[in-house]
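Just so it is clear, none of the values below were taken in a lab; they were calculated from the coordinates. Note that this is a predicted model, so its numbers are computed, not measured. Glycine also receives a Cβ, built like all others from the backbone with ideal geometry; neighbour counts cover every protein chain displayed.
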Amino acid sequence: MANTSSAKKCVRKMARKTIINKNRRSAVRSTIRKVEDAITAGDQKLAQEALRAAEPALMRAVGNGIFHKNTGARKVSRLSKRVKALAS
């Protein structure tokens, strides 16, 4: 339990940021899920469009500190590899 006024303020700030980060993480996961759904459906055009929307969303989340830089790069790389595999 926070005792000082500054520690209490930190707790309030963390609670606000946690809600914001949860919403951002959820939005990114939704965009990734759209790409994966298009891949499983076999729709290459839809998968490419979803990937174009998911990549900047993921990188924005990396910039905001929600995901680690390498995690974002890895996810984008794996998704683009799977989308590219649909073409052949």
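Annotations
- Each Cα pair under 8 Å and six or more residues apart adds its sequence gap; the mean of these over the residue count of segment 5-87 is a relative contact order of 29 percent.
- R0 of 30 Å, Cβ-Cβ distance A41-R74: FRET efficiency to nearest 0.05: 0.80
- The alpha-carbon positions of the chain define a convex hull whose volume is 88 Å³ per residue.
- Expected 222 nm ellipticity per residue - DSSP helices of 4 or more, -39500 (n - 2.57), all of the chain, to 500: -30500 deg cm²/dmol
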